[in-house]
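A quick write-up on the structure given underneath.
The values are calculated or read from the model by the stated rules, or taken from the named source; none is laboratory data. Small disclaimer: the values here were computed from a predicted structure and weren't measured. All Cβ positions, glycine included, derive from the backbone under ideal geometry; neighbour counts span all protein chains shown. The area values use the complete protein model at the heavy-atom level, side chains included, leaving out ligands, DNA and RNA. Shrake-Rupley method; radii C 1.70, N 1.55, O 1.52, S 1.80 Å.
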Amino acid sequence: MLFFMHVGKTGGTQVKRFIRNAVGAPKLQEPQVIQDRIVLLNHCTLGEAEKRFGEPTGLILTYRDPIERFVSGFYCRQRMGLPEHRARWDAAEAAAFLYFKTANDLAEALSSEDPTKYSAAHFSMHAIRHIRRGYQFHFGHPSSFVLDYGTRIRACVETKDLERSWHKIIQAIDGDTPKRARPTTTSATPDYPKTLSDLARSNLRSNWAVEFEFYNVFKTLDESLEENLSYW
């Protein structure tokens, strides 16, 4: 089985739509198995996927700078996933968004000397689902992931490169597929503040060290696959 691992706010919804279109499969409830060989997963851990479908023969994944993913994830959950999805807050998310109105406020509070604000910030990092479900949630520890799955990565694409890198995903799902047009359907991108202060960025790098380690691992895998890729 070939797994597509969907980490929140890394372009996964668009990639799954593209894979379905590429192989002519309808959209069904996820996780979705296509042609008995491709599994489109939905925000679950690799361990959970293996328990249900067995060990993967290959992995497709997309990745994004952790700071960009944090900001996008905060505002996506603040608007409950709208306009493309609608997922209401649970009690913990409601508390987090009652306290923090911006991603920058949350990230800056991670080092606050005010014990209430500090506690609220660290609570919120575990409460907001796109923030708590990062690379570590999905894949465990970077070194173990590379050891166990490094040779099984079939495509590893950075979100910002998706528009020019669809061929990598096509080759991963079917190496004999002829060149196809790039997808024309893209998700709407709601407007939200995308800039964080230096303090906010520094706090995230300190508190999310494993997320940044994974990001560097993915970039290395991406570059390695790029060197070995046979272009059309």
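Worth a mention:
- Test: residue in the stretch 140-149 that is closer than 24 Å to His43 by Cα and either in contact with a strand residue (DSSP E or B) (Cβ under 8 Å, 6 or more places away or on another chain) or at pLDDT below 95 (or both): yes
- Test for His167: is it in contact with a Cys (Cβ under 8 Å, 6 or more places away or on another chain), part of a helix (DSSP H, G or I) and either touching a residue at least 40 places away in the same chain (Cβ under 8 Å) or open to solvent by less than 70 Å² (accessible area, probe 1.4 Å) (or both): no
- Close pairs from the stretch 1-12: first within 9 Å of Arg64 (Cα to Cα), partner of a type in the set (Gly, Ala, Ser), Cβ under 6 Å, at least 6 apart: Lys9/Ser72; Lys9/Gly73
- Tally, over the stretch 4-33, of residues that are farther than 16 Å from Gln171 by Cα and either surrounded by fewer than 14 Cβ atoms within 10 Å (Cβ to Cβ) or not charged (D, E, K, R) (or both): 17
- Selection over the stretch 13-22 of residues that are in contact (Cβ under 8 Å) with a residue 40 or more places away in the chain and in contact with a Leu (Cβ under 8 Å, 6 or more places away or on another chain) gives a count of 3.
- Of residues in the stretch 113-157 being over 18 Å from Ala200 (Cβ atoms) and β-branched (Val, Ile, Thr), the one surrounded by the fewest Cβ atoms within 10 Å (Cβ to Cβ): Thr151
- Condition met for Glu84 (in a helix (DSSP H, G or I) and not hydrophobic (A, V, I, L, M, F, W, C)): no
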